[in-house]
Amino acid sequence: MTGPPDTALQGADSRRYPRYPLLGVGALIFERDRILMAQRGKPPLMGQWSLPGGLVETGESLAEAVRREVREETGLEIEPLGVLEIFERIMRNAEGTAEYHYVLIDYICRVAGGALAAGDDACGVEWVRRRDLAALDITEGTLGVIEKGFRNRRKYR
């Protein structure tokens, strides 16, 4: 596709060529030297590994959104402990037009219950050792946020 689609195709729910940036949340969940990663099961970035998370729904608080998204993608119940990073992801098409634009708020979280199982938008979830992260196809910019999380996670207890 060259350029943005006809505005009739840009509904309020469209993630491609949004009229405004979309707000999302992500969860950094640590277990000793491991972090919980989710493999994306849908476009954009299908097949790549990222933090569990997704879009905030209208009327939902940020904390509610991160709890819901983690539950839907991983089966785990979590408690958000604090904001680690506000991250912007703009993906442009060949012509330079913003095809996707997200503002993501990443939380340090801890597990409060549940059982780990991939669901919803994730085709896989797993605990990954810090030293093994480089071997994964991780979404752009996410590794830097994860490293920041490893360095600062003790501040969020």
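Against the list (1) at pLDDT 95 or above; (2) assigned to a strand (DSSP E or B); (3) surrounded by 12 or more Cβ atoms within 10 Å (Cβ to Cβ), the condition PHE87 fails is (1).
For residues that are assigned to a strand (DSSP E or B) and of a type in the set (D, E, K, R), scanning just segment 104-157, find the one that is farthest from SER61 (Cα to Cα). First the steps, then the outcome.
Narrowing segment 104-157 to residues assigned to a strand (DSSP E or B): 104-114, 122-129, 138.
Of the ones still in play, those that are also of a type in the set (D, E, K, R) are 106, 110, 126, 129.
Details: ASP106: 14, ARG110: 18, GLU126: 27, ARG129: 31 Å.
It comes out as ARG129.
Inspection of segment 61-70 finds a residue satisfying the criterion of being among the polar types (S, T, N, Q) and within 19 Å of LEU23 (Cα to Cα).
Among residues of segment 8-34 that are on the phi > 0 side of the Ramachandran plot and surrounded by 17 or more Cβ atoms within 10 Å (Cβ to Cβ), those with a Cβ under 7 angstrom from a residue that is at pLDDT below 95 and part of a loop (DSSP other than H, G, I, E, B), sequence gap 6+ or separate chain, pair up as TYR17/PRO4; TYR17/PRO5; TYR17/GLN10. Residues in segment 14-45 that are touching a helix residue (DSSP H, G or I) at 6+ places or on another chain (Cβ under 6 Å) and not in a strand (DSSP E or B): ASP33 alone.
Considering GLY149, GLY54, GLY47, the condition of being surrounded by fewer than 18 Cβ atoms within 10 Å (Cβ to Cβ) and among the small types (Gly, Ala, Ser) is satisfied by GLY47 alone. Among the residues that make up segment 99-108, is at least one of them farther than 24 Å from LEU23 by Cβ and not basic (Lys, Arg)? No; the residues of segment 99-108 include none that is farther than 24 Å from LEU23 by Cβ and not basic (Lys, Arg).
The values are calculated or read from the model by the stated rules, or taken from the named source; none is laboratory data. Keep in mind that this is a model prediction, so the values were computed, not measured. Here the Cβ is made from the backbone with ideal geometry for all residues, glycine too, and neighbour counts use every protein chain on show.
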